[in-house]
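So the structure is just underneath, and the comments pick up after that.
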Amino acid sequence: MLNLQGRAYKNCDGVTRRDALKIGTLAFGGLNALSLPNLLRAESLAGGSSHKAIIMVYMCGAPGHQDLYDLKMDAPAEIRGEFKPIATSVPGMELCEHLPGLAKVADKIVPIRSMYGSPNGSHDSFICYTGKSFQNQPTGGWPSIGSVISQLQGPNNPSVPPFLGLAPDTGHPPYGSPGHPGFLGVGHSAFRPSGPSRQDMVLNGINEQRLQTRKDLLATVDNLRRDIDASGAMDGLDSLNQQALDILTSSKLADALDLSQEPQEVRDRYGKGDTKNYGDGAPRNLEHFLTARRLVEAGARVVTLNFGRWDFHSNNFNGLKDTHLPQFDQGLSALIEDIYERGMDKDVAVVAWGEFGRTPRINKDAGRDHWPRVGCGLLAGGGWKTGQVIGATDRLGGEAVDRPVHFGEVFASLYRHMGLDPHAITLPDFSGRPQYIVDRYEPLPELV
């Protein structure tokens, strides 16, 4: 096995898969030869500024709208719950008392209280990343917005992938998904710069000429591999190899991931949170919010990050107030403040949401169950008209009574933000049939 540090490595008992991944190599050989392009392919198959960009926060497991942005103080106690609303910087807009940071930047946000579109209330991040139902998919599956942007616009900087996912492996796989490439193929999947592999995204003393020689040698071997690969898994490998070379011959991505380059006061404002997965969900890692901002500054077009596990069928209010709400509030409000202070608010669109809402009625275990009929989301930046609330639910929070908003409408707005006409662009699926990137939904007129 060949690598750029001149040493060969083999997996052995006691070494984890991620410990074995050496991104700083373009090794070749058998199944144990894991290199950056191989990692990109493996992550994809496993499910695993002056430019416009999107930062999407997936709130794994789905929070309840009536506990965040749509408190129902006139409803009975079994509907209302424990939390109280607080005033915000926008007269008439109220948020949960455990979201003081977002209340402070209310003039820069757009809470949506009437989201709908989940097909059946099952836990899946799919609709958050595509705006479409996972039912009745075309051949190859719907691609996520990051993959679509990667295909249509490519990298803004050759050494920074256009689509990055700050997503861990999780007990429930959809909670750890950064968004899948679907029929666009593995060459447009999210690059996931996590774990100890981060330190290997540099050449480690190998000059570019030697790297190019080894790349040429690798290409010869890869040609043989392609000849015997009948599964289609090698599709897109050329683009992954090129992406790997671009990453390794520049420190730009590694620098963007190095938070020590930030002033301490900025790092303190974002906080650290908890890097451990929350149950079968994602971490509450506040440094990911700062990382996302640094990545779009470096040239990324779409960054997704996965936060927590909001599926509180029991102990809902303690779980929210003790862990999720304060940390989510700190990380997201710091991100929003930061992009505005840096003059990035017209270029960077931020969206935070889960896959559906929660039941109006609190169950016997002090929890809220799945409620696909209405949920919530939050937008910021994008050059949009902020400081407003979109949509409303009835007195009990069970039905949208004013301005229901489908996920597809938000996606149409996001594509328009990226300079793409969502109704004029099609991409071919695996069968060659053209597919529109957004179905019938229009961008939200309230944002203009």
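The values are calculated or read from the model by the stated rules, or taken from the named source; none is laboratory data. Predicted, not measured: the structure shown is a model, and the values here were computed from it. Cβ placement follows ideal geometry from the backbone for every residue including glycine, while neighbour counts extend to all protein chains displayed.
Couple of notes before you dig in:
- Which listed residue, of GLY387, GLY383, is over 23 Å from the mean Cα position of the chain (by Cα) and either more than 19 Å from ILE54 (Cα to Cα) or assigned to a loop (DSSP other than H, G, I, E, B) (or both): GLY387
- Screening ALA300 with (1) over 21 Å from the mean Cα position of the chain (by Cα); (2) farther than 21 Å from ILE109 by Cβ; (3) in a loop (DSSP other than H, G, I, E, B) gives one miss only, at (1).
- Only residues that are surrounded by fewer than 22 Cβ atoms within 10 Å (Cβ to Cβ) and in a helix (DSSP H, G or I) were counted in the stretch 339-358, giving 2.
- Top-ranked residue of the stretch 312-326 - restricted to ones that are surrounded by fewer than 20 Cβ atoms within 10 Å (Cβ to Cβ) and polar (S, T, N, Q), ranked as modelled with the lowest pLDDT: THR323
- Filtered by the rule that a residue be polar (S, T, N, Q) and farther than 27 Å from ALA87 by Cβ, the stretch 359-401 gives THR359, ASN363.
- Selection within the stretch 249-274 - under 27 Å from PRO158 (Cα atoms) and of a type in the set (Ser, Thr, Tyr): THR249, SER250, SER251, SER260
- Subset of the stretch 123-168 that is farther than 22 Å from PRO283 by Cα and among the aromatic types (Phe, Trp, Tyr) - its residue that is surrounded by the most Cβ atoms within 10 Å (Cβ to Cβ): TRP142
- Flag for SER114 being within 30 Å of MET73 (Cα to Cα), at pLDDT 95 or above, out of contact with any Leu (no Cβ under 8 Å at 6 or more places or on another chain) and among the hydroxyl-bearing types (Ser, Thr, Tyr): yes
- Single match in LYS52, LYS72 (criterion: buried (at least 20 other Cβ atoms within 10 Å of the Cβ), farther than 30 Å from GLY154 by Cα and modelled with pLDDT of 95 or more): LYS72
- Any hit, the stretch 82-102, residues being out of contact with any Pro (no Cβ under 6 Å at 6 or more places or on another chain), surrounded by fewer than 17 Cβ atoms within 10 Å (Cβ to Cβ), of a type in the set (D, E, K, R) and closer than 26 Å to ASP280 by Cβ: yes
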